[in-house]
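**Q** Sharing a structure here in structure tokens format.
The numbers here are math on the coordinates, done by the rules we state, and not lab data. Everything numeric here is computed off the predicted structure, so don't read it as measured data. FYI the Cβ positions are ideal-geometry reconstructions off the backbone, even for glycines, and counts take in every protein chain you see.
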Ligand code: CUA
């Protein structure tokens, strides 16, 4: 059980905080850095650190770890270069017009406007547009038959994830139904995958910046996203469309791993939960059933078969709790159950603040045992 990189603040915020901490400490030369660093300079440094750190990390479209993200990053760099050329040319022409063109004829001025103001920008933008549009058919094409297919349902405010049967990858471990989990997606490296996206409530957007572009998730229709991960690692996905009070707390982890590792993980996910063995976990199961948790949550292999909330069959093995909100550890499990509404405003799960501390600890022990 680990908290992973996905549950906490972004790499950008952590780095900005560490820059702040370093700036507040006296330097190695015995001079207080604070005295020397004026506020505007601090602001510039923080801003520069933020810009630079945005280029890498587990949630950066400019640090691609998948085929589609690589193509999108390339478009970004071409667009940036194109815009830079256009800006430099425009500024050059403006300076020329202001200071050096007074002696030129009207005919020259007209030609300058036609070529510099209309023809060249039109050609430049058309080339950039054609380059971007040429990639669209490939992005929108359905995945090859037999590819891994994952249905993702955006809920307020978490992600229901189901590995669908019918692909070579899933049928080796579970032929019958989908394998369901929440807020975590694992993918085998080098395998094409297609996400089938839907939602029962409002518009969300599914985005894993390191792997692919973003796609809206719209009530009443199914949208699709195809991608191919090329680099192992743990990436952060997020909801990219404002969907309510806890929109910012709707993250998920995406783990790209070697095929053998992925197969072992998927096989474990397909298995039902084990009966609680420890007395504390058995007491937790008693608290779970006595408070009706099974009406909303499923624990496959037990009598809990709710379908409203996240499937908890292997919740103890997930990288975070509450869709990237908290690290997956005993104390946070108790907090999440007791203070759900305070931690995540607007979420459908009611807070179970009436549970006593020993009951919460037992419940958390049971849930953590579901690995
Ligand atoms: Cu879901 Cu924003």
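**Q** Length gain on complete extension for the stretch residue 85 to residue 342, per 0.36 nm per residue less the alpha carbon to alpha carbon distance?
**A** Working it through step by step, the gained length comes to 87.5 nm.
**Q** Ordered by packing density, taken as the mean number of other Cβ atoms within 10 Å over each peptide's residues, highest first, how do 132-142, 184-194, 284-294 rank? Don't jump to the answer; show the numbers that get you there.
**A** Values: 132-142: 11.1, 184-194: 20.0, 284-294: 18.2.
In decreasing order of mean packing, 132-142, 184-194, 284-294 become 184-194, 284-294, 132-142.
**Q** For the chain, find the longest principal axis of its Cα atoms and tell me its angle to the long axis of helix 11-24, 0 to 90°, nearest 10.
**A** Roughly 80 degrees, rounded to the nearest 10.
**Q** Using only Cα atoms and rounding to the nearest 10 degrees, what angle (0 to 90) does helix 39-53 make with the longest principal axis of the chain?
**A** 70
**Q** Let me ask something else. Treat the count of other C-beta atoms within 10 Å as a stand-in for reagent exposure and order 234, 356 from fewest to most.
**A** Going from sparsest to densest Cβ surroundings: 356, 234.
**Q** Between residue 296 and residue 202, what FRET efficiency comes out of the Förster formula 1/(1 + (r/R0)^6) with R0 = 30 Å and r the beta carbon distance, rounded to 0.05?
**A** 0.90
**Q** Hey, what angle do you get for helix 357-369 against the long axis of the chain, alpha-carbon based, 0 to 90 degrees rounded to 10?
**A** That helix lies at roughly 70 degrees to the long axis.
**Q** Would you give the gap between the C-alpha center of the stretch 244-321 and the C-alpha center of the stretch 338-355, rounded to a whole Å?
**A** Centre-to-centre distance over Cα atoms comes out at 18 Å.
**Q** At a 10 angstrom cut-off on C-beta neighbours, averaged per residue, how do the peptides 271-282, 68-79 rank from highest to lowest?
**A** Details: 271-282: 14.3, 68-79: 16.2.
Output ranking for 271-282, 68-79: 68-79, 271-282.
**Q** Averaging over every viewing direction, what projected area does the convex hull of the Cα atoms of the stretch 261-371 cover, in nm²?
**A** Computed as one quarter of the Cα hull surface, the answer is 6.8 nm².
**Q** Could you please state, rounded to a whole Å, how far the C-alpha centre of the stretch 165-234 is from the C-alpha centre of the stretch 126-150?
**A** Using only Cα atoms to place each centre, the spacing works out to 16 Å.
**Q** Listed highest first by mean packing, meaning other Cβ atoms within 10 Å per residue, what order do 82-95, 205-218, 300-313, 102-115 come in?
**A** Ranked by mean Cβ neighbours within 10 Å, highest first: 205-218, 300-313, 82-95, 102-115.
**Q** Where does each of 159, 265, 44 land when they are ranked from fewest to most other beta-carbon atoms within 10 angstrom?
**A** Ordered from fewest to most neighbouring Cβ atoms within 10 Å, 159, 265, 44 come out as 44, 265, 159.
**Q** Pairs of alpha-carbon atoms within less than 8 angstrom and 6+ residues apart define the contacts here; what relative contact order does the chain have, in percent?
**A** 18
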